[in-house]
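Structure first, commentary second.
Every number here is computed from the coordinates shown, using simple stated rules; none is lab data. Since we're looking at a predicted model, the values are computed, not measured. Cβ coordinates were reconstructed from backbone atoms using ideal geometry, including for glycine residues, and neighbour counts include every protein chain displayed.
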């Protein structure tokens, strides 16, 4: 390993520890973020399931992968909040004075979020099993689905970190973060897109959340690959990996550069 790579690994691990301690000292927020997906699963599963053509248990089986992906997409919001909070409370400026890799601080935040997400996925899966969802694919495919879910969370967190670093205030980040709630609604996470108007269906199917959701349903064995639609949903695994790769390739270097430059 090169000296630069060693420094980044060492400093990134230190910043990962800082972020995990920060989360540990704010248990209320942790409990809220971890319980929200379960609450939504029960609410959407039993309320929406009775209003759609799908029977209740069938809809809950359809819903669980979509809800997991929608929760992963919230990495945008949590990444934005944490980065904005550090930026506007002077923490980021103090961290910039330390002799550490410029990529270490945002990397530590992204990795800490990934650890918390991995832990929080377990109870959602257990509740999903309790309400009728089943893993019908192979064990290897199921592991691949969880890995894809975490990769998508990692990609979305970098978008949030960049927006948080660029935000004008914590309040502005909060308002923009609230607006991100609409993203899963414009996808196939909660409802099938077959019945949507043509232009809205196209928009929903090109939403990265739709590609990852379709891939999750396929890998868990809950649904087959759609025969028609936009390329990301008719080639869901490739489409989901492509979206993740593009998002990380674009937003990771932009977030690191923004942090290093210290511009507001």
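Taking the 0 to 90 degree range and rounding to the nearest ten, how far is the long axis of helix 170-179 tilted relative to the main principal axis of the chain, both from C-alpha atoms?
Helix 170-179 and the main axis of the chain meet at about 20 degrees.
So between residue 186 and residue 14, what do we pick up on full extension, going 0.36 nm a residue minus the alpha carbon distance?
Working: separation 172, 0.36 × 172 = 61.92 nm, distance 3.78 nm.
Computed gain between residue 186 and residue 14 is 58.1 nm.
How much mean residue ellipticity at 222 nm does the chain get from its helices, if each DSSP H run of length 4 or more adds -39500 (n - 2.57) and you divide by all residues, to the nearest 500 deg cm²/dmol?
Result for the chain: -24500 deg cm²/dmol, rounded to the nearest 500.
Please report how far the C-alpha centroid of region 104-153 lies from that of region 197-211, rounded to the nearest whole angstrom.
Result: 24 Å between the Cα centres.
To the nearest 10 degrees, how steep is helix 27-43 against the longest Cα principal axis of the chain, on a 0 to 90 scale?
10
Roughly what would the spin-label model give for residue 118 and residue 139, points 7 Å off Cα along C-beta, in nm?
Spacing of the two 7 Å Cα→Cβ label points: 1.9 nm.
Of 75, 174, 66, which has the largest mean-square fluctuation in a 10 Å C-alpha GNM of the chain?
Largest GNM mean-square fluctuation: 174.
Can you compute the modelled spin-label distance between residue 171 and residue 31, with each label point 7 Å from Cα toward Cβ, in nm?
3.0
Taking springs between alpha-carbon atoms closer than 10 angstrom, which of 167, 210, 224 fluctuates most in the Gaussian network model of the chain?
Of the options given, 224 has the highest mean-square fluctuation.
What does the C-alpha gyration tensor say about the overall shape of region 99-196? Classify as rounded when a/c is under 1.5, otherwise prolate if a/b is larger than b/c, or oblate.
It comes out oblate by the Cα gyration axes.
In a GNM of the chain with a 10 Å cut-off on Cα contacts, which of 139, 71, 117 has the highest mean-square fluctuation?
Result for the chain, Cα springs under 10 Å: 139 fluctuates most.
Report, to the nearest 10°, how far helix 236-261 tilts away from the longest principal axis of the Cα atoms in the chain, using its own Cα long axis and a range of 0 to 90°.
Helix 236-261 sits roughly 20 degrees off the main axis of the chain.
In region 184-225, which residues have a backbone nitrogen under 15 Å from the label point lying 7 Å from residue 231's Cα in the Cα-to-Cβ direction?
Once the point is set 7 Å along Cα→Cβ of residue 231, 205-208, 211 turn out to lie under 15 Å by backbone N, inside region 184-225.
Plugging the Kirkwood radius over Cα pairs into Stokes-Einstein for region 128-260, at a temperature of 25 °C and a viscosity of 0.890 mPa s, what D comes out in µm²/s? Kindly include the intermediate steps, with their values, before the conclusion.
Details: Rh = 16.1 Å.
Approximately 153 µm²/s, per Stokes-Einstein.
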